[in-house]
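What follows is a set of notes on a single structure, which appears directly below.
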Amino acid sequence: MQDIMRVAAQVFCEKGYSDALTAQIAARAGVVEGTIYRYFPGKRELLIRVVEQWYERILADYDQQLRGVRGARARLRFLIWRHLTVIHNEPGMCRLIFNQLRAWPEYRRTTVFELTREYTRRTLAVLQEGVDAGEIRADLPLRIVRDMIYGGVEHHTWAYLRGEGDFAPDEAADAMTELVYRGLARAPPQSAAEATLRRLEALAQRLERSTAAR
């Protein structure tokens with residue numbers, strides 16, 4: 001069965017779901033077409049199992065690498081970079097998920113949808129850790145932050161997934177992390193001297209405006 005799934009992943013990524021034929025998969029795997037139906041009711045169920053297995057591998061790798069990353073900013077940068085890298089290295093599988101599976105009416109009832117939620121739930125966990133550590137503002141809706149991250153990544157990589165041009169995951173991750181983290185980071189507490197200076201500056205500005213108005 002693993003040989004069938006390995007070959008099926010190749011065929012699906014090369015041709016897309018609609019143009020991939022179980023006869024082609026069977027021929028490449030060196031089995032008769034009926035053998036596929038011994039394990040899977042149909043092509044759709046085969047694709048779902050292929051994507052499930054792919055997600056399980058990605059999540060295991062993600063968790064292993066994330067354990068060695070410390071600090072909210074570094075962990076945020078890692079999750080952005082990891083998503084960009086997955087898209088860059090495995091565009092065929094990402095096209096299947098983004099363009100094919102998500103368009104199915106029953107998508108939200110599939111295990112792939114649950115795995116996608118599990119994938120993005122790690123982002124929420126990283127953000128919440130930053131809040132708990134006092135590094136990230138607590139007044140921001142973290143789900144919206146998560147949606148902005150994944151929406152931004154997918155928008156940035158959309159042309160690449162269509163086969164138009166390329167992008168650099170490292171550079172994109174650095175830029176996106178800088179933009180997102182600046183909005184998330186808590187401002188350091190002001191010292192008494194800094195607070196006094198700010199009040200004096202504000203007072204001087206008011207005096208200048210008052211003098212100019214006379």
Restricting attention to segment 52-74, and to residues there that are of a type outside the set (A, V, I, L, M) and under 13 Å from the mean Cα position of the chain (by Cα), which single residue is modelled with the highest pLDDT?
Tyr55
Being modelled with pLDDT of 95 or more, assigned to a helix (DSSP H, G or I) and of a type in the set (Val, Ile, Thr) narrows it down to one of Thr196, Thr157, so name that one.
Thr157
Would you call Ala187 modelled with pLDDT of 95 or more and over 19 Å from Ala60 (Cα atoms)?
no
Out of (1) buried (at least 19 other Cβ atoms within 10 Å of the Cβ); (2) at positive phi; (3) among the small types (Gly, Ala, Ser), what's the single condition that is false for Ala72?
(2)
Taking the condition within 24 Å of Leu66 (Cα to Cα), small (Gly, Ala, Ser) and at pLDDT 85 or above, does Gly163 pass?
no
Between a first residue in segment 160-182 that is more than 14 Å from His83 (Cβ to Cβ) and a second residue that is of a type in the set (D, E, K, R), which pairs have beta carbons less than 7 Å apart while being 6 or more apart in sequence or on different chains?
Tyr181/Arg73
Only one residue in Arg57, Arg82 is in the same structural domain as Ile149 (by TED's automatic domain parsing), surrounded by 12 or more Cβ atoms within 10 Å (Cβ to Cβ) and basic (Lys, Arg). Which one?
Arg82
Taking the condition part of a loop (DSSP other than H, G, I, E, B) and either surrounded by 12 or more Cβ atoms within 10 Å (Cβ to Cβ) or not β-branched (Val, Ile, Thr) (or both), does Val11 pass?
no
One residue is enough: does segment 140-159 have a residue meeting the conditions under 18 Å from Tyr55 (Cα atoms) and among the acidic types (Asp, Glu)?
yes
Residues being exposed (fewer than 14 other Cβ atoms within 10 Å of the Cβ), of a type outside the set (A, V, I, L, M) and on the phi < 0 side of the Ramachandran plot - total across segment 16-32
2
Would you check which residues across segment 108-141 are surrounded by 15 or more Cβ atoms within 10 Å (Cβ to Cβ), of a type in the set (A, V, I, L, M) and farther than 19 Å from Gly152 by Cα and list them?
Val112, Leu115, Val131, Ile136
Could you say whether any residue in segment 161-175 is within 15 Å of Ala72 (Cα to Cα), assigned to a helix (DSSP H, G or I) and not aromatic (Phe, Trp, Tyr)?
yes
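The values are calculated or read from the model by the stated rules, or taken from the named source; none is laboratory data. What you are looking at is a predicted structure, and each value in this text was computed from that prediction instead of being measured. Every residue, glycine among them, receives a Cβ derived from its backbone with ideal geometry; neighbour counts consider all protein chains shown.
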